[in-house]
1. How many angstrom lie between the C-alpha centres of segment 140-215 and segment 45-69?
2. Please name which of 100, 140, 123 has its Cα lying farthest along the dipole of segment 50-151 towards the positive end, using unit charges on Cβ (Lys, Arg +1; Asp, Glu -1) and the Cα centre as origin.
3. Need one word for the chain: rounded, prolate or oblate. Basis is the Cα gyration tensor (sqrt eigenvalues a ≥ b ≥ c); a/c below 1.5 gives rounded, then a/b vs b/c decides.
4. Which lysines, if any, have their Cα less than 20 Å from the Cα of residue 185, not counting same-chain residues under 8 positions apart?
5. So what is the relative contact order of the chain, in percent, for Cα pairs below 8 Å that sit 6 or more residues apart?
6. Charges at C-beta only: +1 for Lys and Arg, -1 for Asp and Glu. How large is the resulting dipole of the chain about its Cα centre, in Debye rounded to 20?
7. Of all DSSP beta bridges in the chain, what percent run antiparallel (nearest 5)?
8. What's the local net charge at residue 302, with K and R +1, D and E -1, over the other residues with C-beta under 11 Å away?
Amino acid sequence: TMKCWMFVFAFLRRSIRANQHGNLKMEMKTYARQIMTPVNDINVFHPKIKIDHSTKLLFVGSCFSENMSEALCSLRFKVLANAQGILFNPISITSCLVNICERKCFGHRDIFRDSISTNIYHSWQHHSKFSSADSEKMLNMMNHDISNANDFLTSSKKSVIFITLGTTKVHILKENGCVVANCHKQPGKLFETKVLSLSTIIESLRHAISVCKALNKDIQIVFTVSPVRHTRDGIIENSLSKSTLLCAVHALKDEFPEFVSYFPAYEYMIDELRDYRWYEEDMIHPSKLAREFFLSKFLSSYTTADTQDLCEKISKINNNINHKPRFPETEAYRKHLSSTILAMLEMQDKHGIDFSSDIDKLQNYYTSTNVSKDPIV
């Protein structure tokens, strides 16, 4: 693979240089240490926005927003992600936020039949996860998710919208000139492609901010640019796209410094995590280890020390919940379940974090072993 060849060439180059100076062993140790650790640590920034477990976090945007929302949800934050599915371009993201704030009700005019599999319905504004053979079921799901997101943002003053921008490239439906969120593998002749200008992106996202603040004046907004490179568009084109998105985000951050922040996920990926061991096998998407790194950086920037300590305790409880015993019928495992449930009950009492479903799950798991029908605690 590319990763292997890059390592071999770099190692050989260093080996030749080291042999010339009679210091091969030291050079090998230095290089091994360099490839195993992040480089060029980005200066720690201190955004004004701070979150805790009472904050409502709405995620909108690319697959990176899905990754972050899943990680924060596992730490028991109040999270809702992508009411219209994964979105990549600023126009579609703005449209989604406007739909949420205005509580849009989708109808049959907003969906269409697949031109190839005519028994499948799609929406140009939604990700394919909403696509269905049942149009009524599809519309119900679309409207439910929009209404749920609206309620989510209006039910608390402490709300943060996390927006991940993926690309400036858009596909425009020729028949009506509208930007689509997803092409749903429809014939290419239906679309024309365009690269959004900086001014268009700023104007669109400014409108999204305005609508969100009108819904809830206390809403805070965090922008980030997806660390996933759109290599199918071309390496140079991807760099231009990301640069334009970065310029737009920083222009908005400077315009609204009191409630707009920027999380440098893209910079972390291309600078601190530049080695390919931080990528998945496709050499494009961040690996599990990289996603954990992003989560750590996010928590250290947007939460207090107390919230970070709480997250560590929750993480330990999660490990105990997910533990798969070799001998579940033993007294030792019963004690393990008992201590885990007691820890969850304590967390509920002290911090109001809901573990009820997990407590029921462990109780049911224990009684299903038929060792005892008595409650664990």
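1. 18
2. Farthest towards the positive pole: 100.
3. Since a/c reaches 1.5 but b/c is at least a/b, the shape of the chain is classed as oblate.
4. The reachable lysines, counting only those whose Cα sits under 20 Å from residue 185, are 129, 169, 174, 194.
5. 17
6. Numbers: 46 positive and 40 negative charges, 157 e Å.
Dipole magnitude for the chain comes out near 760 debye.
7. 35
8. That sum, taken over residues with Cβ under 11 Å, equals +2.
The values are calculated or read from the model by the stated rules, or taken from the named source; none is laboratory data. Values in this document were obtained by computation on a predicted structure and should not be read as measured data. Backbone-built Cβ (ideal geometry, glycine too); neighbour counts: all protein chains shown. Just so you know, the surface numbers come from the protein's heavy atoms only, side chains and all, with ligands and any DNA or RNA stripped out. Shrake-Rupley method; radii C 1.70, N 1.55, O 1.52, S 1.80 Å.
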